[in-house]
Amino acid sequence: MTRSAYRVDAGATLPLCVVIGSRQEQIERAHAQLTPILHGLWGDDSAVWPIELAVHEAVVNAIEHGGAGIPDATVGITLDIEDDELLIEISDQGPGFDPDTVPDPRLPDSVLRASGRGVLLMRAVVDSLEAAHGPNGRFTLTLRTKLPRSVAEGVPPQRGGFHGDQRA
């Protein structure tokens, strides 16, 4: 596993960690910091929006379930590159959950539930979803997705066009 500082053409260096208050109104602040980096890696709206949506779902879950009832709770969002993958870690102070035990919202018993679709959406977008408790007591959900081949090979992404099929 190779991790090192990575300069993104959006002007940021990875790894990058954004910490927000565990409140819905903080989501836009995190989005404003993360989106230019995702665009710098993928270079294309059509390839970035599914990843943005998966991150949004994970952050909303962290706010709703991980910070509920905890004064001054925070949500941490870390972007990093490991080998040919983008790692997106969302951490909170909640009890956590096992993504493998979340009922499939497409099943008859779950289809009318008001929640439970975020994990399905995340799984559809990213290559893997991992959940763990860290040594500091924070629950972390890690989304991993292959970088576009050009980024994995060190070539800056091009703007425009669909690059979703260029994953390594």
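The values are calculated or read from the model by the stated rules, or taken from the named source; none is laboratory data. If you're wondering where the values come from, they're calculated on a predicted model, not measured in any experiment. Positions of Cβ are backbone-derived with ideal geometry, glycine not excepted, and every protein chain shown enters the neighbour counts.
Across the stretch 11-46, what is the total count of residues that are more than 29 Å from H65 (Cα to Cα) and either of a type in the set (S, T, N, Q) or at pLDDT 90 or above (or both)?
2
Table: residues versus (1) in contact with a Leu (Cβ under 6 Å, 6 or more places away or on another chain); (2) at pLDDT 65 or above.
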position: S128; (1), (2): no, yes
position: A131; (1), (2): yes, yes
position: P135; (1), (2): no, yes
position: L141; (1), (2): no, yes
position: V155; (1), (2): no, no
position: G160; (1), (2): no, no
position: H163; (1), (2): no, no
position: Q166; (1), (2): no, no
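Any residue in the stretch 66-80 that's in contact (Cβ under 8 Å) with a residue 60 or more places away in the chain: show its pairings with residues that are of a type in the set (F, W, Y) at Cβ separation under 7 Å, as long as the two are six or more apart or on different chains.
Partner pairs satisfying both residue conditions: G66/F139.
Rundown of residues vs (1) in contact with a strand residue (DSSP E or B) (Cβ under 6 Å, 6 or more places away or on another chain); (2) buried (at least 20 other Cβ atoms within 10 Å of the Cβ), yes/no style:
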| position | (1), (2) |
| --- | --- |
| G94 | yes, yes |
| P99 | yes, no |
| A124 | no, no |
| H133 | yes, no |
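Provide a single number: the residues in the stretch 87-139 that are touching a Phe, Trp or Tyr at 6+ places or on another chain (Cβ under 7 Å) and hydroxyl-bearing (S, T, Y).
Counting residues in the stretch 87-139 that are touching a Phe, Trp or Tyr at 6+ places or on another chain (Cβ under 7 Å) and hydroxyl-bearing (S, T, Y) gives 1.
Could you run through the stretch 80-122 and say how many residues are assigned to a loop (DSSP other than H, G, I, E, B) and not hydrophobic (A, V, I, L, M, F, W, C)?
18
Confirm whether I63 is touching a residue at least 40 places away in the same chain (Cβ under 8 Å) and surrounded by fewer than 17 Cβ atoms within 10 Å (Cβ to Cβ).
Here the answer is no, as I63 does not meet what is asked.
Quick one: is D83 of a type outside the set (F, W, Y), over 16 Å from the mean Cα position of the chain (by Cα) and closer than 15 Å to L147 by Cβ?
Here the answer is yes, as D83 does meet what is asked.
I'd like the residue in the stretch 48-79 that is β-branched (V, I, T) and not in a strand (DSSP E or B) and, out of all such residues, is farthest from L143 (Cα to Cα).
I70
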